[in-house]
Amino acid sequence: MEILSISMDRTELKRLEEVQKKLGFKSRSKMLRSALESLAKEYDSVNSLKGNVESVFVLTYADTKKDNVSDVLHRFEDNIKSEMHHHHAGTCIDILNLETTAQVTRNFFGAVKSCKDINTVTYSIVSEK
């Protein structure tokens, strides 16, 4: 097995260890391998899309980061069919309905998953034609 080295600040490390303990992973390595496998499965699911796709994405992020997230979303404004925005205790929640090609859906997925200002991304594929 290969060994990788990663850097994280104390807050991230504390959070990692807290989640490890609560989920019952025997080691940080096992937990990180599981997290990477989950991300890879999400990627594979989106990567296998073909044709035209309708999807729903739910994003959460801190209200203080809304301008940064807005910059990402504006790159896809022609593909966002509808959007609902909600605030709760300093957190923004966006529910986005996209209707576009599989490639643009993949690009959107990559953009929101890699945006450091977005806390969570969940999605559902409604239809694929």
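Observations on the model:
- Filter pass, residue 80 being within 17 Å of the chain's Cα centre (by Cα) and over 29 Å from residue 12 (Cβ atoms): yes
- Count of residues meeting criterion [charged (D, E, K, R) and not in a helix (DSSP H, G or I)] in region 1-15: 2
- Residue ID - surrounded by the most Cβ atoms within 10 Å (Cβ to Cβ), chosen from residues in region 16-49 that are in a helix (DSSP H, G or I) and polar (S, T, N, Q): 20
- Qualifying residue in region 107-126 (condition: part of a strand (DSSP E or B) and of a type in the set (Phe, Trp, Tyr)): yes
- Remark: pairs (first residue in region 29-43, in the same structural domain as residue 18 (by TED's automatic domain parsing); second residue of a type in the set (Phe, Trp, Tyr) and not in a helix (DSSP H, G or I); Cβ separation under 8 Å; 6+ apart in sequence or on different chains) = 31/25; 34/25.
- All positions within region 55-90 that are part of a strand (DSSP E or B) and surrounded by 15 or more Cβ atoms within 10 Å (Cβ to Cβ): 55, 56, 57, 59, 60, 61, 80
The values are calculated or read from the model by the stated rules, or taken from the named source; none is laboratory data. Since the model is a prediction, treat every value here as computed from it, not as a measurement. Here the Cβ is made from the backbone with ideal geometry for all residues, glycine too, and neighbour counts use every protein chain on show.
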